[in-house]
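A short worksheet on the structure shown next.
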Amino acid sequence: VQLQASGGGKVQAGGSLRLSCVASGLTFIRREMGWYRQAPGKERELVASIISSGRARYADSVKGRFTISRDNAKNTMYLQMNSLEPEDTAVYYCNATVDGTPYFGQGTQVTVSS
């Protein structure tokens, strides 16, 4: 399983970024996919997840600001992040769980300045 995340960068508070994750080595359409993030000195936390039908769930801290989506034909998952806050600064990882084993990509850095 390989997960390749991209789209991170540096933005000012209130700005937007769109993350992408291309998955390979798994039956993408069958898998629940997710985005996690880890800020310095903090544990990795779930940001959002999405099942094949498109039903999604979000961490309370990002509800109304972030939108997770997927394109099953392209084996790609997205995270649209709007109204970014300095507290969103973290390394963002895409995730897939296959047969009970969690996989994470290499991560992409998101930095939000005030």
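Which pairs turn up if I take residues in region 46-65 that are surrounded by 15 or more Cβ atoms within 10 Å (Cβ to Cβ) and look for partners that are polar (S, T, N, Q) and not in a strand (DSSP E or B) with beta carbon separation below 6 Å, at least 6 apart in sequence or on another chain? Taking only residues 6 or more apart or on different chains, the pairs are ARG65/ASN82; ARG65/SER83. Of everything in region 1-32, what is open to solvent by less than 30 Å² (accessible area, probe 1.4 Å) and modelled with pLDDT under 95? Give them in sequence order. Those that are open to solvent by less than 30 Å² (accessible area, probe 1.4 Å) and modelled with pLDDT under 95: LEU26, PHE28.
Of the residues making up region 88-104, those that are closer than 15 Å to TRP35 by Cβ, open to solvent by 10 Å² or more (accessible area, probe 1.4 Å) and touching a residue at least 40 places away in the same chain (Cβ under 8 Å) are THR89, VAL91, TYR93, ASN95, THR97, TYR103, PHE104.
Against the list (1) among the hydroxyl-bearing types (Ser, Thr, Tyr); (2) farther than 21 Å from VAL11 by Cα; (3) more than 12 Å from the chain's Cα centre (by Cα), the condition SER49 fails is (3).
The values are calculated or read from the model by the stated rules, or taken from the named source; none is laboratory data. As the structure is a prediction and not an experimental result, all values here were calculated from the model. Cβ coordinates were reconstructed from backbone atoms using ideal geometry, including for glycine residues, and neighbour counts include every protein chain displayed. To get the accessible areas, we keep the full protein, side chains included, count just its heavy atoms, and leave off ligands, DNA and RNA. Shrake-Rupley method; radii C 1.70, N 1.55, O 1.52, S 1.80 Å.
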